[in-house]
Amino acid sequence: MAEVARELSKPIQRIARGSMTPDTVGLARALLGKVLVREFGGIMAAGRIVETEAYLQHDPACHAFRGMTPRNRSLFLEHGHAYVYLCYGTSYLLNVSSEAGGIGSGVLLRALEPLYGTEHIQRHRRHVKSNDLMRGPGRLAAALRVDRRHDGLDLFTDRQLWIGHDGHNIASIGESVRIGLSKAADERLRYFVVGSRYLSGPRKLNQA
């Protein structure tokens, strides 16, 4: 039976793994509009996914490009597992493994639209404006207190960090080059909800 976050006006139901495609680009697009839920200490926070980036198996910008290591092994898990790494020693980033088991690929979650629990998040993020709480992958992870302890979690079944849906439909999906890369920088593998106020990156990349 699907778990439901009943505190919200629109109940959030867990997504079944079989309903999501084990295809990196397909998953990057399908995750838009879905809800990322974080439960900790009796508190629930949730945000709608509005921006993603795809990283493919043979992509030189993907951490799995040179094969499996202790650091990136979660990218090789069946689609729907968390891959969390520390970027430049300052910010944790949350990715979702995106292919069949044994294939190293992932989807970076770049931005969320806050839905619930903002007041709890702001207690430890008071220096960040409410609209910026989960705008950008580093802020997203910091707001939800995601770090290496969550690496490898199954985002379809875990109790503290999971992905669900509330029946919301996306009107239009845009795409652009990815942000902040030196390798494969021209690949149009960034996807976003057109018109969202919570997108990261330059405004010129957020046009339909």
Boolean, Ser200 is buried (at least 18 other Cβ atoms within 10 Å of the Cβ), part of a loop (DSSP other than H, G, I, E, B) and among the polar types (S, T, N, Q):
yes
Answer yes or no as to whether Arg71 is in contact (Cβ under 8 Å) with a residue 12 or more places away in the chain, more than 23 Å from Ile49 (Cβ to Cβ) and either in contact with a strand residue (DSSP E or B) (Cβ under 7 Å, 6 or more places away or on another chain) or of a type in the set (A, V, I, L, M) (or both).
yes
Expected output for region 76-104 (first residue touching a residue at least 40 places away in the same chain (Cβ under 8 Å) and in a loop (DSSP other than H, G, I, E, B), partner crowded, with 18+ Cβ neighbours inside 10 Å and β-branched (Val, Ile, Thr), Cβ below 7 Å, 6+ apart or cross-chain) is Gly80/Val96; Ser98/Thr24; Ser98/Val107; Glu99/Thr24
Please state which one of Arg14, Arg38 is out of contact with any helix residue (DSSP H, G or I) (no Cβ under 9 Å at 6 or more places or on another chain) and either basic (Lys, Arg) or modelled with pLDDT of 95 or more (or both).
Arg14
Within region 168-193, considering residues that are in contact with a helix residue (DSSP H, G or I) (Cβ under 8 Å, 6 or more places away or on another chain) and surrounded by fewer than 17 Cβ atoms within 10 Å (Cβ to Cβ), the one farthest from Ala64 (Cα to Cα):
Ile173
Among the residues of region 102-120, the number that are over 17 Å from the mean Cα position of the chain (by Cα) and either modelled with pLDDT of 95 or more or surrounded by 12 or more Cβ atoms within 10 Å (Cβ to Cβ) (or both) is 5
Quick test for you: out of Arg38, Arg48, pick the one residue that is farther than 18 Å from Met20 by Cα and in contact (Cβ under 8 Å) with a residue 60 or more places away in the chain.
Arg38
Hey, can you tell me all the residues within region 128-138 that are assigned to a helix (DSSP H, G or I) and under 15 Å from Gly117 (Cβ atoms)?
Ser130
State the number of residues belonging to region 170-197 that are under 17 Å from Arg135 (Cα atoms), among the aliphatic types (A, V, I, L, M) and part of a loop (DSSP other than H, G, I, E, B).
2
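Pick from region 28-58 the residues that are in a loop (DSSP other than H, G, I, E, B) and on the phi < 0 side of the Ramachandran plot: which of them is surrounded by the fewest Cβ atoms within 10 Å (Cβ to Cβ)?
My answer is His58.
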Go through the residues of region 134-143 one by one and say whether even a single one is under 24 Å from Lys10 (Cβ atoms) and surrounded by fewer than 16 Cβ atoms within 10 Å (Cβ to Cβ).
no
Within the bounds of region 151-161, is there any residue that is crowded, with 21+ Cβ neighbours inside 10 Å, touching a residue at least 24 places away in the same chain (Cβ under 8 Å) and of a type in the set (Val, Ile, Thr)?
no
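The values are calculated or read from the model by the stated rules, or taken from the named source; none is laboratory data. Given the structure is predicted, the values throughout are model-derived calculations rather than measurements. Glycine gets a Cβ as well: all are built from the backbone with ideal geometry, and neighbour counts include every protein chain shown.
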